[in-house]
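The next block holds one structure in the form of structure tokens; read it before the comments.
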There are 2 protein chains.
Amino acid sequence: MRARVAIIGLGLIGGSLGMAFSNSEQVELIYGFDSDSETVQRALEMEAIHCTGTLEAVVQDADFVFICTPLKSVKGVIPSIAAYLKPGCVVTDVSSTKEQVMRLLSELPVGVHGIGGHPMAGSEKHGIGAADRYLFENAVYVLTPVVGTPLEVLAALSALVEETGARVKVMDAEQHDRVVALISHLPHILAMSLVNLVAQEEDALLLAAGGFRDTTRIASSNPELWEDILFSNREKVSQGLDAIIQELSQLKEELDTLQRKAVRLRLDSARQVRDSIPQRRKGLIPEFQDVITVVPDRPGIIGQLGGWLGSHGINIVDIEILRAREGDGGTIRLGVPTKQEALRAVSILHEQGIKAWMS
Amino acid sequence: MRARVAIIGLGLIGGSLGMAFSNSEQVELIYGFDSDSETVQRALEMEAIHCTGTLEAVVQDADFVFICTPLKSVKGVIPSIAAYLKPGCVVTDVSSTKEQVMRLLSELPVGVHGIGGHPMAGSEKHGIGAADRYLFENAVYVLTPVVGTPLEVLAALSALVEETGARVKVMDAEQHDRVVALISHLPHILAMSLVNLVAQEEDALLLAAGGFRDTTRIASSNPELWEDILFSNREKVSQGLDAIIQELSQLKEELDTLQRKAVRLRLDSARQVRDSIPQRRKGLIPEFQDVITVVPDRPGIIGQLGGWLGSHGINIVDIEILRAREGDGGTIRLGVPTKQEALRAVSILHEQGIKAWMS
């Protein structure tokens, strides 16, 4: 049986879920609702949803309801839809903290299943315009059921969510919130605090154009949203702050007392741990070989690169402009499937008078 | 008069400087030295240097000597070359902290000019294999002269350094070290401490594949190098740690006592400051318009995209594979020079049956 899905809130996450579902065999029909009519129109055009209506109308026929509004609106949505839900229907959300939402979901009518959800994927951009059917590809998607959730219901939601390309991880809501305090909320706080500290130092921002700007990217996120996130997970964030303050104080002590070995152990351990975190793949194929090439800045050069390699049967599976100077040229990274093809690509480019080497 | 340059240490920075200088009208000849003979061979092949020799031989004819070894080797290099330097020669380095190096440079013979240098550019990769002639394009390159440095000597070194595409910023060594403690060393410490903290929490690393992995990228840097950097700037790093611990403690107090407004002010301020940091450009042209396109995963698709647009006179100036699924397709961002060309690109792609829209 193919499922009918309702999506409430058609921003980056809601829109991307819709685009992924509309390409799924498991999904028959996608209803969508958003308080902004332009957003709804755009979602229809982008085929993220098939039809729309009032909040009540879009949920009444749905097997699965995805609440994709900001966290603070979830509280208002649940009572508005409760009376219109089909028996056996599954209601889930996508917000970044789960304990609060689980309390709200527990107020759903008997026979309706509330399961928390948190797709660990995002983008600097937001809104339906940034929606992408591959947003969740290889991302972790956490589901937080309750004690009474029937296994087959959890399995059905998991199967649907996996249609987006995400990998489902089932967790307890409390454990989820403790983990995201460390891996998401604390990094945000550190970036924010660092930026505010640097702002007090004259000339510092001038030097900050490169690495610092990149490492503090998350400090540019929506403050309203983050106020909500931090306060919805206040206790666990506070515990995380205690822990990081302790780490930093110990390190300061080691620096002040010239304990080089202790500092080195921290650096070694961090590198080892960080290198062990699996990389989320976004290339067309899991493994590929990089070729670096220095090309002149002239119209059509990227098409030409593709053409030269393509005419020899070599497929470019990844491409990145690393650096460039206007009117001069640039350094481009090309990913090709195998080492053998990389070697051939290098010699094909050399024949065209283009500098190239394997990375 | 064209300059003769010697580069000691042919890693990422030394190699990239050589590649940039070898394309400069200002430079006549580049001598290179590295303790690793394979590296020297590779540098010659990549045209990062023109000739090589012993440490003493490569500096004796040079107008400018760039010491590009790790910080802790600078101490050994300076006395080894001192007796062989030409009168009027400029000796500079590229290390990340400057006060220590300035003391070493002050021991150079009379008539030789020591000026500290710090190019604020880098890469995750290191070694001559990662060298790139555009590495410094639009990056800030700090020079730290001394009180006695003649203005024309500083101007000559600045002009040479600007040949790499970098923007020179002259600073006092003490001020430089204070600023980099905040914008470079502290971010490194925070990433390291965060990773070590998360490693203690079960299941946390599993969820860390996405954003957390990206935000802690610098924790994977070379521990040996970073031990040196942190201890060479120990006092200023310690002061920075004091300041950030204070920031975090205040925030924790605000969270614990439900001061939403105070937390919101911090978030607002961080976003405002971070957005004001100028972006370092790396595209072929300063401004361009993005087109987003969803393409099928088939051989040669990137070349085809370039070909379709190229045959209509539209030049792709930036390209990025945003996300993809093997055997299915992917989302690609294309940068084209103007909005008008973006509109035309969208309709050309539509004619080919390819989904596309302006970002």
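The values are calculated or read from the model by the stated rules, or taken from the named source; none is laboratory data. Predicted model, so just to flag it, every value in this text is computed and none were measured. With ideal geometry, Cβ positions are generated from the backbone for all residues, glycine too; neighbour counts draw on all protein chains shown. Side chains included, ligands, DNA and RNA excluded: accessible areas come from the protein's heavy atoms. Shrake-Rupley method; radii C 1.70, N 1.55, O 1.52, S 1.80 Å.
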Subject >> Residue-normalised accessible area of the protein assembly as shown, expressed per residue, 1.4 Å probe, Å² >> reply: 41
**OP:** Please tell me which of these pairs span more than 27 angstrom C-alpha to C-alpha: B:Lys72/B:Lys169; A:Lys236/B:Lys261; A:Lys261/B:Lys72; A:Lys86/B:Lys355?
**Re:** A:Lys86/B:Lys355
Original post:
Dipole of the stretch A:129-175, Cα-centred, from +1 at each Lys and Arg C-beta and -1 at each Asp and Glu C-beta, to the nearest 20 debye?
Top reply: 60
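In deg cm²/dmol and to the nearest 500, what is the mean residue ellipticity at 222 nm of the protein assembly as shown if only DSSP H runs of at least 4 residues count, each as -39500 (n - 2.57), divided by the residue total?
-13000 deg cm²/dmol
Using only alpha carbon positions, build the gyration tensor of the stretch A:132-191, then give the equivalent ellipsoid semi-axes as the square roots of 5 times its eigenvalues, largest first, whole angstrom. Don't jump to the answer; show the numbers that get you there.
On the way: eigenvalues 113, 66, 7 Å².
Calculated on Cα positions only, the semi-axes equal 24, 18, 6 Å.
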Original post:
Can you give me the Cα centroid spacing of the stretch A:12-57 and the stretch B:120-172 in angstrom?
Top reply: 52
Original post:
Each label point is 7 Å from the Cα along the Cα-to-Cβ direction; what then is the distance between the points at A:Ala159 and A:Asp256, in nm?
Top reply: 6.1
Subject >> Beta bridges by DSSP in the stretch B:3-171, antiparallel share as percent, to the nearest 5 >> reply: 15
Subject >> C-alpha long axis of helix A:339-351 to longest principal axis of chain A, angle in ° >> reply: 50
**OP:** Round to a whole angstrom and tell me the spacing of the C-alpha centers of the stretch B:183-237 and the stretch A:314-359.
**Re:** 32
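Restricting things to alpha carbons, find the Rg to Rh ratio for the stretch B:289-358 using the Kirkwood radius for Rh. Walk me through the intermediate numbers first.
Details: Rg = 11.0 Å, Rh = 11.8 Å.
That ratio is 0.93, to two decimals.
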Original post:
Carbon and sulfur atoms: what percent of the 1.4 Å accessible area of chain B do they account for?
Top reply: 49
Original post:
Largest first, how would A:Lys75, A:Lys261, B:Lys125, B:Lys236 line up by accessible area (1.4 Å probe)?
Top reply: A:Lys261, A:Lys75, B:Lys125, B:Lys236
Original post:
Any idea what diffusion coefficient the stretch A:217-262 gets from Stokes-Einstein, in µm²/s, Kirkwood Rh on alpha carbon pairs, 20 °C, 1.002 mPa s?
Top reply: 166
Original post:
What percent of all Cα-Cα pairs in the stretch A:26-101 falls in each 10 Å bin, counting up from 0?
Top reply: 18, 51, 30, 1
Original post:
In Å, the Kirkwood hydrodynamic radius of chain A over pairs of distinct alpha carbons?
Top reply: 23.7
Original post:
When the chain is fully extended, how far beyond the present Cα-Cα distance does B:Lys125 get from B:Leu225, taking 0.36 nm per residue of separation?
Top reply: 34.6 nm
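Expressed in whole Å with the largest first, what are the equivalent ellipsoid semi-axes of the protein assembly as shown derived from the C-alpha gyration tensor as the square root of 5 times each eigenvalue?
Semi-axes (√(5λ), whole Å): 49, 33, 20.
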Original post:
Build a GNM of chain B with springs between Cα atoms under 10 Å: which of B:Ser106, B:Ser232, B:Ser276 gets the top mean-square fluctuation?
Top reply: B:Ser276
**OP:** Sticking to Cα atoms, compute the Rg of the stretch B:211-326 to one decimal and its Dmax as the biggest Cα-Cα distance, whole number, in Å.
**Re:** 22.9, 63
Original post:
Between the helical axis of B:71-82 and the dominant principal axis of chain B, each derived from Cα atoms, what acute angle in degrees is found, rounded to the nearest 10?
Top reply: 40
Original post:
Which residue, B:Gly88, B:Gly14, B:Gly148, has the most motion in a Gaussian network model of chain B that connects Cα atoms within less than 10 Å?
Top reply: B:Gly148
Original post:
So what's the stretch A:1-141 giving for Cα Rg divided by 2.2 N^0.38 Å, two decimals?
Top reply: 0.95
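Using a probe radius of 1.4 Å on protein heavy atoms only, what is the accessible area buried between chains A and B, both sides summed, to the nearest 100 Å²?
Numbers: alone 21000 and 21000 Å², together 29250 Å².
Using a 1.4 Å probe, the pair buries roughly 12700 Å².
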Subject >> Cα-projected label distance for B:Val146 with A:Lys339, points at 7 Å along beta-carbon direction, nm >> reply: 5.0
Original post:
So how much accessible area does A:Met120 have, in Å² to the nearest 10, using a 1.4 Å probe?
Top reply: 40
Original post:
Quick one: Debye curve from the C-alpha atoms of the stretch B:176-275, no solvent, what's log10 I(q)/I(0) at q = 0.11, 0.22 Å⁻¹?
Top reply: -0.44, -1.26
Original post:
If you take every DSSP beta bridge whose two residues both sit in the protein assembly as shown, what share of them, in percent to the nearest 5, is antiparallel?
Top reply: 50
Original post:
So what's the Cα pair-distance distribution over the stretch A:85-165, bin width 5 Å, in %?
Top reply: 3, 14, 23, 23, 18, 12, 6, 1
Subject >> Rounded to whole Hz, the Karplus (6.51, -1.76, 1.60) HN-Hα couplings of the stretch A:65-70, x for glycine and proline >> reply: 10, 9, 8, 10, 7, x
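Rounded to the nearest 5, what % of DSSP beta bridges with both residues in chain B are antiparallel?
On the way: 23 of 46 bridges.
Looking only at bridges with both residues in chain B, the antiparallel portion is about 50 percent.
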